[in-house]
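> Could you have a look at this structure, given as structure tokens, before my questions?
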Amino acid sequence: MKLENYIRDIQGFPKEGILFKDITPLLNDAKATQECLKILVESLKGQKINKVVGAESRGFLFGMLLAQELNAGFVPVRKPNKLPYETIFASYDLEYGTDNLEIHIDAIQKGDKVLIHDDVLATGGTAKAVCELVEKLGGEIVQLNFLMELTFLNGREKIKEYDIFAALTY
């Protein structure tokens, strides 16, 4: 099965000049979703994972599936003021300015083996911020795991000290 066939290109979304990689056709097909999950899990052969951290919001989709498959807890990392309990935050750069991501202060325990998942590795800013949060709480990052990587944006450079896996590369 070629997962590329389940990724739809949307020109000009969310703004002019952007070619958006839409994963909804993949999510809409049970066999494609299962195949993608299998590929993501196989990249972790022999690794012990206690927590899967999913980045808002598309990282929640496969993040939950990965957590279930790995018999691990799931931790959402969200934009500001979306989590109800006490949080810590990390900042990351946007095209015009900065934004923050937050995690509950008790979501990761010291020594937890952590898988970080998001749908796309683009510029690496979000992934870097999530890594900072996990490490502030004492987690040990086993892998950063993505559905796809947009290699032309060089996001891997910001997180090169970690093991990185992407099911698809563009």
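The values are calculated or read from the model by the stated rules, or taken from the named source; none is laboratory data. Remember, predicted model here, so these are calculated numbers, not experimental data. Because the Cβ atoms are built from the backbone with ideal geometry, glycine has one as well, and the counts that use them run over all protein chains shown. Accessible surface is based on the protein model in full, side chains and every heavy atom, while ligands, DNA and RNA are left aside. Shrake-Rupley method; radii C 1.70, N 1.55, O 1.52, S 1.80 Å.
> Expressed as a whole percentage, what fraction of the accessible surface of the chain belongs to carbon and sulfur atoms when a 1.4 Å probe is rolled over the protein heavy atoms?
On the way: 4450 of 9090 Å².
Using a 1.4 Å probe with all protein chains present, the chain comes out at 49 percent carbon and sulfur.
> Could you work out the per residue convex hull volume over the alpha carbons of region 131-170, in cubic angstrom? Write out the running numbers ahead of the final one.
On the way: hull volume 2.6 nm³, N = 40.
Convex hull volume per residue, Cα atoms: 66 Å³.
> Continuing with the same structure: log10 I(q)/I(0), Debye, Cα-only the chain, no solvent, q = 0.14, 0.17, 0.19 Å⁻¹?
The calculated log intensity ratios at q = 0.14, 0.17, 0.19 Å⁻¹ are -0.71, -1.06, -1.31.
> If you take the square roots of the eigenvalues of the alpha-carbon gyration tensor of region 111-151 and sort them as a ≥ b ≥ c, do you get rounded (a/c under 1.5), prolate (a/b over b/c) or oblate? It would help to have the intermediate numbers written out before the result.
On the way: a/c = 3.52, a/b = 1.81, b/c = 1.94.
The shape class here is oblate.
> Please get the size of the charge dipole for the chain, origin at its Cα centre, with Cβ charges of +1 on Lys and Arg and -1 on Asp and Glu, quoted in debye to the nearest 20. Mind dumping the intermediate values first?
Values: 20 positive and 25 negative charges, 59 e Å.
Rounded to the nearest 20 debye, it is 280 debye.
> Rolling a 1.4 Å sphere over the protein heavy atoms, what is the accessible area per residue of region 1-57, to the nearest Å²? Present the calculation step by step, with values, prior to reporting the outcome.
Numbers: 3480 Å² over 57 residues.
Per residue, region 1-57 has an accessible area of 61 Å².
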